[in-house]
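The values are calculated or read from the model by the stated rules, or taken from the named source; none is laboratory data. Source: prediction; values computed, not measured. Neighbour counts run over all protein chains shown; Cβ positions are idealised from the backbone, glycine included. The area values use the complete protein model at the heavy-atom level, side chains included, leaving out ligands, DNA and RNA. Shrake-Rupley method; radii C 1.70, N 1.55, O 1.52, S 1.80 Å.
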Amino acid sequence: MERILFFIFGFVAVFGSIMVVSRRHPISSVMYLLLTLFSVAALFVLRKSHFIAAIQIIVYAGAVVVLIVFVIMLLNVAESKIPVERPTLAQGVGVVAAGLLMLEGALVGSRYGAQIEKAVDVGTVEAVGKALFTSYLLPFEITSLLLLAAIVGSIVLARKKF
Amino acid sequence: MDLQSILLSLKAIVPEMILTATGCLVLLYDLLIPEENRGVHAGISAVGVITALFSVLWFGSERIEAFSGMLAQDTFGSFFTVVVLVSLLLTLMLSRSYNDWEGIQKGEFYALLLFSSVGMLVMAKATDMMTIFLGLELLSIPIYVLVGFDRKRLSSVEGALKYFLLGAFATGFLLYGMALLYAATGATSLSGIAAFAGKENVFGNTLFLAGTALLFVGFGFKVSLVPFHMWTPDAYQGAPTPVTAFMSAGPKAAAFAAVIRVLVVAFPESHPFLLKGLWVVAALTMTVGNVSALVQDDVKRMLAYSSIAHAGYVLVGLVSGDRLGGQAAMYYLFVYSLMNIGAFAIVMLLSEGEERGYAIENFRGVGFRYPVLGALMTVFLVSLGGIPPTAGFVGKFYLFSAAVKKGLILLTVIGVLNSAASVYYYLRVVVYMYMLPERAEEVRPRPVGVGVALALFIATVGVIALGIFPKGLLSFAESSILSIFLS
């Protein structure tokens with residue numbers, strides 16, 4: 001069952017990413033990107049990394065994609081203005097390199113796959129939450145202060161009236 | 001880790017909590033008061049800092065391993081906590097008047113100073129790569145903003161941008177180094193890395209070596225060692241002068257604290273390999289810093305280059321690699337904070353605003369017209385140059401004698417020669433003050449407020465008293481360094 005689901009979502013993810021780069025209209029590219037992100041999140045769930053799956057949807061699908069859509073709509077690019085590119089030699093080399101990288105990933109995966117199999121139950125929301133509020137409490141709190149300082153700092157530098 | 005141990009751990013971060021609370025209080029209170037009263041924030045912050053200092057006296061000597069090995073309170077951490085808090089206190093006293101003169105009196109200025117100091121304290125106590133990294137970031141980000149705080153002045157923004165861009169790269173190096181070390185050892189805690197280095201042959205382990213090298217590149221940037229010093233002159237010159245004074249004292253001490261702890265705790269076995277690298281860096285840092293300072297006509301920029309050279313002297317203590325060297329380095333860092341903040345304070349008083357710069361010409365004849373300012377400046381410069389009876393002399397004496405005892409004769413010779421060369425540019429200012437006729441156009445020092453006067457008083461008394469009676473501070477430094485050597 002898990003295997004079948006993996007293949008379904010894996011296929012959808014790859015299909016979505018191919019569609020992202022091949023669509024001519026930016027909005028449809030973004031919609032396929034959303035599809036890819038959701039299926040990757042599903043893959044995380046299959047690996048019992050529930051926390052990362054949730055973050056994937058909240059941050060990428062929820063925030064980043066919305067931002068991209070905003071920018072596209074603000075720029076208001078008409079479809080006819082987008083130039084059609086001819087494939088160049090560099091792009092060909094890029095495709096080959098990407099293929100080699102995928103092959104390498106597959107090889108590494110087949111070699112160390114067994115070790116990765118052992119890592120279970122650390123990615124659930126419960127496990128992550130427990131770790132964050134016990135062993136990693138101090139780094140968590142320092143990060144919150146760091147974010148506060150960064151917010152204050154950026155407001156100081158960016159506000160109009162001084 | 002259960003609730004009980006978390007509550008116990010809180011005891012180790014009392015000064016941090018006090019500073020954080022003060023920072024938040026300043027931010028909130030800023031909303032309630034009219035614009036012209038904002039100088040009060042300096043007072044509020046100072047109260048917070050003094051409370052934190054007292055809390056160090058209260059709990060500081062107890063050894064606590066806190067937050068499951070993320071951070072430890074020991075005498076070593078307390079020593080650097082005191083250094084940072086004293087520098088912060090002096091900086092707050094200077095900022096109040098300065099911010100009025102330059103029209104940048106804002107609550108956020110003080111809040112950012114406090115938050116940055118929290119980062120420094122965390123860094124000084126951190127016993128895990130994760131907390132070291134977070135402390136460093138919390139230290140750096142507010143400082144980037146503070147350097148560019150005077151937004152209407154081009155040099156301030158320029159310095160901030162340069163510092164930010166180079167600092168971001170340095171952070172990348174540091175984090176990459178930590179990641180590689182984690183990959184090699186499987187541990188982020190310093191003791192975990194030490195356990196690995198004690199077991200395996202690290203010299204054949206490329207990941208380990210690369211990680212260590214990148215880690216020290218990141219640290220080298222923060223304490224502005226040559227060749228990672230490029231940002232220093234521009235950032236120091238552009239920053240509001242109290243911020244410059246603070247940058248040369250607090251962050252530097254905190255970063256050195258982390259370096260010492262990493263060297264002592266995490267790499268006790270692989271010392272010789274590391275120390276050879278640091279030897280070269282120390283020699284380069286002293287030489288490049290001093291030679292560049294020789295040709296500066298702007299006093300603020302001259303002090304910026306001289307601070308690079310001083311980082312080199314401190315590094316000599318670390319290259320010695322024993323208790324004596326560490327103790328000398330810590331003593332020097334404390335003393336250096338006092339004399340450097342003092343020198344920057346006088347420079348700040350004698351300038352005619354940031355726009356007009358800090359040309360050495362301004363110092364012509366100041367010694368007779370304003371005898372107190374002239375005399376104080378002379379004390380600070382003499383101490384920076386390392387001439388007795390000031391604390392700067394004692395510091396350099398211990399640094400170089402530790403190096404000689406370790407047989408680092410060549411490095412000591414380079415250091416002493418550099419120190420002699422530095423006397424030229426420090427005394428050049430004294431010559432301008434006392435031996436050259438006054439300028440036709442008279443320099444009017446800014447009115448010396450209570451805060452500035454108090455800061456100058458503390459710095460002067462510290463520099464002279466620690467020069468004549470160095471024992472107390474030295475034994476504090478000794479017990480501090482012992483607390484990490486033994487743990």
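The table for this structure:
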| item | result |
| --- | --- |
| B:Ser483 vs. criteria open to solvent by less than 30 Å² (accessible area, probe 1.4 Å) and either modelled with pLDDT under 90 or in contact with a Pro (Cβ under 6 Å, 6 or more places away or on another chain) (or both) | yes |
| Failed condition for B:Thr91, given (1) open to solvent by 10 Å² or more (accessible area, probe 1.4 Å); (2) over 25 Å from A:Leu137 (Cα atoms) | (1) |
| Among residues of region A:19-45, those that are part of a helix (DSSP H, G or I) and either of a type in the set (Ser, Thr, Tyr) or surrounded by fewer than 15 Cβ atoms within 10 Å (Cβ to Cβ) (or both), counted | 8 |
| Among residues of region B:94-114, those that are at the interface with chain A (Cβ under 8 Å from one of its Cβ atoms), open to solvent by 10 Å² or more (accessible area, probe 1.4 Å) and in a helix (DSSP H, G or I), counted | 1 |
| Helices (runs of 4 or more DSSP H) (entirely within region B:125-226) containing at least 2 residues that are out of contact with any His (no Cβ under 6 Å at 6 or more places or on another chain) and within 13 Å of another protein chain (Cβ to nearest Cβ) | B:129-147, B:154-185 |
| Residues that are touching a strand residue (DSSP E or B) at 6+ places or on another chain (Cβ under 8 Å) and within 8 Å of another protein chain (Cβ to nearest Cβ), drawn from region B:1-15 | B:Ser9, B:Ile13 |
| Output for region A:90-128, where each listed residue is touching a Lys or Arg at 6+ places or on another chain (Cβ under 9 Å) and either at pLDDT 85 or above or open to solvent by 100 Å² or more (accessible area, probe 1.4 Å) (or both) | A:Val122 |
| Inter-residue pairs, beta-carbon under 6 Å, first more than 7 Å from chain B (Cβ to nearest Cβ) and in region A:137-162, second in a helix (DSSP H, G or I), 6+ apart | A:Phe140/A:Leu132 |
| Yes/no for B:Ile18 being within 20 Å of B:Met120 (Cβ to Cβ), within 14 Å of chain A (Cβ to nearest Cβ) and at pLDDT 90 or above | yes |
| Pick from region B:381-435, criterion crowded, with 20+ Cβ neighbours inside 10 Å and without any contact (Cβ under 8 Å) to a residue 60 or more places away in the chain, ranking: farthest from B:Phe344 (Cα to Cα) | B:Gly386 |
| Meets criteria (open to solvent by less than 10 Å² (accessible area, probe 1.4 Å) and closer than 29 Å to B:Arg356 by Cα) for B:Ala254 | no |
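For (1) closer than 22 Å to A:Ile151 by Cα; (2) without any contact (Cβ under 8 Å) to a residue 24 or more places away in the chain; (3) within 14 Å of chain A (Cβ to nearest Cβ), each residue gets a yes or a no:
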position	(1), (2), (3)
B:Leu28	yes, yes, yes
B:Ile33	yes, yes, no
B:Ala42	yes, no, no
B:Ala46	no, no, no
B:Val56	no, no, no
B:Phe59	no, no, no
B:Ala72	no, no, yes
B:Val86	no, no, no
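Yes or no, residue by residue, for (1) of a type outside the set (A, V, I, L, M); (2) surrounded by fewer than 24 Cβ atoms within 10 Å (Cβ to Cβ):
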{"site": "B:Val147", "(1), (2)": "no, no"}
{"site": "B:Arg151", "(1), (2)": "yes, yes"}
{"site": "B:Ser156", "(1), (2)": "yes, no"}
{"site": "B:Tyr176", "(1), (2)": "yes, yes"}
{"site": "B:Gly192", "(1), (2)": "yes, yes"}
